[in-house]
Amino acid sequence: MAKTLKEGEIEELKNHADIQIVISGYVNLKRSGKSYVGLCPFHKEKTPSFTVDPRKQLYHCFGCGEGGDIISFIMKVENLDFIEAAEFLAKKVNYNLQFIYTDTPEMPEKRSRLIEICELAKKYYKYILFNSKVSERARDYLNRRGFKKEIIEHFELGYSPESWSSFSNFAVKRGYMLKEIIESGLALQSSRAVNEIYDRFRGRIMFPIKDIVGKTIGFGGRIINDAQKSDANVEMQTQGRQVWMQPQTKSQALTKPEMQIKMQPQVKAQAKYINSPETKIYSKSKSIYGLFDAKNSIVEKDAALIVEGYTDVMTLHQEGIKNAVASLGTALTIEQIGIVGRFTKNIILVFDSDAAGVSASMRGMERLKEYNEKLDLFHESNINMKVAVLEEGYDPAEYVLKKEREKFLERVDNAVNIIDFTIDMILRKYDINSLSDKLSASDELLGFISTLSSKIVQEECIKKISEKLNLRESLLVEQLQKKSSKKSYRKAEDSVSGQEGIKRNEKMVSPLRNIEIEALKIIINGIGDKYYDLLDIGAEFFNFEDTKKLYEIIKEALTESKSDDGGVNFPLKISSDKLEDEQLKRLYNMIIFSPVNYSDNNLACLEVYNNLKRIYITGKIDEVKKRLKQFENYRKELTKLIKESSEILTKKPGGEPENKKPEKEKLEKVDGKIEMLNLKLNKLENELFKYK
Ligand SMILES: [Zn+2]
């Protein structure tokens, strides 16, 4: 959804946020004259050169040159884009930011209402977990799992009482409508009556799922224990009512007999975890548990650990391993990779041995397959995906608790590239000493390799397999080609029938396009001493719709951020609402993902600049030549016409013919045009020479 801030909102927000107070949350500031100084959070230093000026509401570091207003500080320190930083700050200082949504007018109000309900639920469940008798077992459980109070508070865990409507009633009393509570995902419509809803989460430990700026958008709920459940439930139900339902009227409290009966048999069918459903604010495939708390550590360590569960994330964070997040039950989705990829290119999947399929368990292989299908995507966006496997039977949480954190970190350090890992995984299924197994193994491996589109990666894989199976590389390549040709035949068929063809065309990258992408990359990263020439080159130098558009957006963003006193921070972050469509977002992500490793930055910038100029001028030259050719042909026709008519006329007795005059005039005009085009051509060719 596209949204922009209402006019003047940033000023209003800044008026609500005192820069010195907000920065004090990050930096220990001491008064020095009219300003405050502290140790810079953006570079390592021993004597303070980081200065905050409360009168100007600006900060500046004399050590590393960082500086700007409160928004740019939040952007930098929290790794957020502009809009996100504004939202983050607004939440911090309790200011209600006003947005303009471009698609549906009723959405903004609705969204903020739903977030309010989730925030309310978070506080409600939290209060119960820490203060109520009904959550004793939940607290015991968390205790047994080794969680300290601080970490439970940090992740704002809660407990949903074993009751059908305690939260729903609470929310209704706070003025929310039944419909809204349902839309927040926290309650469901009862089938018995239209005006009756019931709580989705009952008797569960609640894990709030937050967005990138820390707002609660959904929940995961875990049952406490599978054993002795039903007895305890009944007991808790009654206790729960005493504690939490006192203010309710009789009709609100659930005393209806069928509800009571329904409760007990349902207990054993409960899933261990349930999550919020897809709502207007929460989407499972786009959310990552713990990212809000992990993002700064991910940037600092330049790696993200992807674990499976909420408790894994918590245990690791408790042990100081703060770059761990969870993908909420599925393999990472493309969207999730895009989000994590904003903070690092290095993603490490932490599998407990069971999930990884070390014992070739079906589930493990399936899971890995989900990742394998995305290998091309990782490659394209330069994501370095690795797999770390723990020992049999441990999940990350148990591992850290029982085996110590150093051993866990050792496993992570030894993580294997996902492609190597897959190859090993396949090999493990076969006895390579038997010939028939060896052939089956090579067949399966080649099948896997043929799905990879990068020739370089394919080649590397072949090399590896050839060593492992002791087979000639050339033989494997030949087999692979057979497999690939079969596949491309199939693909060609698909492409005739539609969509696949479009996708494949998108993938074909021409050298021309590459240069334009490279140029955008240099502009985004602010590289080279010819930088401003490249920046000002002009949209006409871009030939593709998306590269042209992105160039324009970047240029605009740069001018905007320049005028904001703070100078420009590279790589240039562009908030996703400015990138209108998916194609642009993908292009921008791809560029921001790809590493900058030119051996000579100035040269790289110059080369790209020269290339763009050359391509553009060559195009112009072709154009001029074409027109020149047209005029020359026209001229030939004209002279022929003049010659013919004069021959006819001279044969006739009498003076100069009158109708010859317009032709002559035309000829003069054409000659003038040709001369002009030749001059132009000459000029262009001279100019082209400058960029060779
Ligand atoms: Zn600094």
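A few remarks follow.
- For Lys149 and Lys34, a Förster radius of 30 Å and the Cβ-Cβ distance give a FRET efficiency of 0.10, rounded to the nearest 0.05.
- When peptides 57-66, 617-626 are sorted by average Cβ neighbour count within 10 Å, with the highest value leading, the order is 57-66, 617-626.
- Computed lengthening from Val416 to Glu663, 0.36 nm per intervening residue step minus Cα-Cα distance: 81.0 nm
- Centroid-to-centroid separation of region 17-56 and region 64-92 [C-alpha atoms, Å]: 15
- Loop-located trypsin sites (Lys or Arg not before Pro) in region 26-115 whose Cβ has at most 15 other Cβ within 10 Å (DSSP): Lys34, Lys44, Lys46, Arg55, Lys56
- Ranked Thr559, Thr344, Thr311, Thr451, criterion: other C-beta atoms within 10 Å, fewest first: Thr559, Thr451, Thr344, Thr311
- Cα centroid separation, region 407-435 to region 574-594 (Å): 34
- A crude spin-label estimate for the pair Glu632 and Gln481, with each label 7 Å from Cα along the Cβ direction, gives 4.5 nm.
- Length available on full extension from Glu545 to Val299: 0.36 nm per residue minus the Cα-Cα distance, which gives 85.3 nm.
Just so you know, all these numbers are worked out from the coordinates, no wet-lab data involved. Because the structure is predicted, anything quoted here is derived from the model rather than measured. When we count neighbours, we look across all protein chains shown, and the Cβ atoms used for this are built from the backbone with ideal geometry, even at glycine.
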